[in-house]
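A.B. asks: Supplied in structure tokens, the structure appears directly below.
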Amino acid sequence: MELVQNFPFFSIILALFSGPLCSILDRGAARRVNTAVILIIGVMSLMVLHFTISTGASYVYQMGHFPAPWGNEIRVGQLEACMASFFCVVMLLCMLSGRRELEREVQTTKQNLYYAMIGLLLSSLLALIYTNDLFTAYVFVEINTISACGLIMIRQNGRTLEAAMRYMIMSLLGSGLLLMGICFLYDLTGHLLMSNIKESVGELAASGMYHVPLLITICLISVGIAIKSALFPFHAWLPDAYGYSTLSSSAILSSLVSKGYIFLLIKIFYRVIGFDVIRESKVINVLFVFGIMGMILGSVFAIQENHIRRMIAYSSVAQIGYIYMGFGLGTTAGMIAALYHILSHAATKSLLFVAASGLTDVSDDRTDFLGLTGAGYRNILAGMAFTVGSLSMVGTPAFAGFISKLLFAQAAYETTHKLVLALVALAVSTVLNAVYFMKTVIRLYTPGWRAGLEVSGTRIRIKDQPLKSAMLVCFVILNLFLGLCSEPVVRLLAEGLERFA
């Protein structure tokens, strides 16, 4: 075994132990350790990605070299390595973007705890991506839940405490349903290793035995993860959690945490149950319906919102709906479109939250649209970045969101009985996206005197916030890369999904 094949396990352990280490360091040392850990893990993930692409195959890493059920194992392929690398890049940019807000909004004595939660969160995301053991996945789901809740409530005001409580209640409900599904699977198959479960489930499906218990198991797991990833109508916790957290927390929660759960669901569909069994169960039809409802109603809620960060949060409800609609198409093309949208949404949503923070900085911290009038002139870079993110969400060519919608439309043509509904939902959702995002952009570039308003705020230049400005540029470049250089990314996802089962 080559050294690089150990890197996924090293990454999980390094991130896991960085959490307790940061908790005992002072805030400056904890910040440096956290940044270094994310950077090192990102480099290792890129090396693993290069290795898996060059070999063209997945591999299994047995921890302690003990086979199941005595040992645990992780499975690594180019799809897993791609997701891990992308998650590290986005998390690093989010952390650097929100450093100034973190120091301003979080008590000095608690900032090291914030970095500890980030380390645990990164470890759980990597474990959800790499693990080949279903119960291990559940353990890290709970670590993810606790650390995400800590990121929400670290700001310590009434709105964040309420949001954290609501998030915890809904998330634990989802975790409970997921655990019940795992218990049922273990009872039916006698295994916790994903590959072994899939073999047993295939035999059960072929024989017709335990059809109803297996269907209930699939429903429990799907609903549990749908709650945790904020699929409509399980999204009630999301607007406050994203809208009132610190900048880094909002960006990371919206772009990464829900995507970790969704990636786990993809693994369960392909590697635990088998996608053929999932299709025959008709569960994907339910996910398709709720995905479309999320696409439409999430955008309707965003139109009604007057708080810019809550508007962006409601937009996430719509974008999660896109991903589940891709699942519901029940085809490989639909799944590739959903995977690409995970990347597209993560890059764009982080960009929007960081840009919105830059706009509120020059509007006396006002988050209502009236107070943001003309903010695009007071912070030119943030205004341009928000415009790029908005165009991407609408689906304008050259940006990441356009490729996502194009892939969804192409995938819809492979399912004749869902074609019309999928295309209509894409069209209606795109129009609604344009309504609330373009309305916001117009407000940002409407001078106060022209609107008859007296809007206060100090103009900020790029050199006044060099770190946040640099991260905004990086996010814009990442978005343009996904929009203009999509072919190799789509090919990588398609090849990775082919070897994923």
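The values are calculated or read from the model by the stated rules, or taken from the named source; none is laboratory data. Predicted, not measured: the structure shown is a model, and the values here were computed from it. Glycine gets a Cβ as well: all are built from the backbone with ideal geometry, and neighbour counts include every protein chain shown. With ligands, DNA and RNA removed, areas are computed over all heavy atoms of the protein, side chains included. Shrake-Rupley method; radii C 1.70, N 1.55, O 1.52, S 1.80 Å.
A.B. asks: Quick check: the angle from helix 400-412's long axis to the longest principal axis of the chain, C-alpha only, nearest 10 degrees?
C.D. replies: The two axes meet at around 40 degrees.
A.B. asks: Also: Checking the cross-link filter: which aspartates and glutamates have an alpha carbon closer than 14 Å to that of Lys228, excluding same-chain neighbours under 8 positions apart?
C.D. replies: Excluding near neighbours in sequence, the set is Glu142.
A.B. asks: Mind pulling the angle between the C-alpha long axis of helix 211-228 and the longest principal axis of the chain? Nearest 10 degrees, somewhere in 0 to 90.
C.D. replies: 20
A.B. asks: Mean separation of Cα pairs under 8 Å and 6+ residues apart, divided by the residue count of the range 1-98: what relative contact order is that in percent?
C.D. replies: Contact order relative to length: 28 percent.
A.B. asks: Turning to a different aspect of this structure: Only Cα pairs under 8 Å and at least 6 apart count here; give the relative contact order of the chain as a rounded whole percent.
C.D. replies: This gives 14 percent for the chain.
A.B. asks: Taking the alpha-carbon distance from Lys198 and a cut-off under 13 Å, which aspartates and glutamates remain once sequence neighbours fewer than 8 residues away in the same chain are dropped?
C.D. replies: Cross-link targets: Asp133, Asp276.
A.B. asks: Any idea what diffusion coefficient the range 58-202 gets from Stokes-Einstein, in µm²/s, Kirkwood Rh on alpha carbon pairs, 4 °C, 1.567 mPa s?
C.D. replies: The diffusion coefficient I find is 75 µm²/s.
A.B. asks: Still on this structure, I have one more. Between Arg159 and Asn6, how many nm apart are label points set 7 Å from Cα along the C-beta direction?
C.D. replies: Here the answer is 4.8 nm between the modelled labels.
A.B. asks: What is the distance in Å between the Cα centres of the range 325-371 and the range 468-490?
C.D. replies: 13
A.B. asks: Another question, then. When the Debye formula is applied to the Cα atoms of the chain, each taken as the same point scatterer, what base-10 log of I(q)/I(0) results at q = 0.06, 0.10 Å⁻¹?
C.D. replies: The Cα Debye sum returns log10 ratios of -0.25, -0.72.
A.B. asks: Among the listed pairs Lys267/Lys439; Lys282/Lys439; Lys349/Lys418; Lys267/Lys349, give every one whose C-alpha distance is greater than 30 Å.
C.D. replies: Over 30 Å apart, Cα to Cα: Lys267/Lys439; Lys282/Lys439.
A.B. asks: Give the whole-number value, in cubic angstrom per residue, of the convex hull volume spanned by the C-alpha atoms of the range 153-260.
C.D. replies: For the range 153-260, the hull spanned by Cα atoms encloses 108 Å³ per residue.
A.B. asks: Now a separate question. Using Cα-Cα distances under 8 Å and only pairs 6 or more residues apart, what relative contact order does the range 379-434 have, in percent?
C.D. replies: Value for the range 379-434: 26 percent.
A.B. asks: Treating the angle as unsigned and between 0 and 90°, give the value, to the nearest 10°, between the Cα long axis of helix 78-97 and the longest Cα principal axis of the chain.
C.D. replies: Helix 78-97 sits at roughly 30 degrees to that axis.
A.B. asks: Amide H to amide H under 5 Å from His307: which residues, 5+ apart in sequence or cross-chain, H placed 1.01 Å off N in plane?
C.D. replies: none
A.B. asks: Something else about it: Quick one: pull the percent of accessible area on the chain belonging to carbon and sulfur, 1.4 Å probe, ligands and nucleic acids left out.
C.D. replies: About 67 percent, which is the carbon plus sulfur part of the accessible surface.
A.B. asks: Shifting gears a bit: Viscosity 1.002 mPa s, temperature 20 °C: what is the translational diffusion coefficient of the range 222-304 from Stokes-Einstein with a Kirkwood Rh over Cα pairs, rounded to a whole number of µm²/s?
C.D. replies: Stokes-Einstein gives a translational diffusion coefficient of 153 µm²/s.
A.B. asks: I would also like to ask the following. Looking at the range 247-392, what % of the alpha carbon pairs are farther apart than 20 Å?
C.D. replies: 51
A.B. asks: In terms of the Cα gyration tensor, with a ≥ b ≥ c the square roots of its eigenvalues, is the range 303-350 rounded because a/c is under 1.5, prolate because a/b exceeds b/c, or oblate?
C.D. replies: Here the range 303-350 falls in the oblate category.
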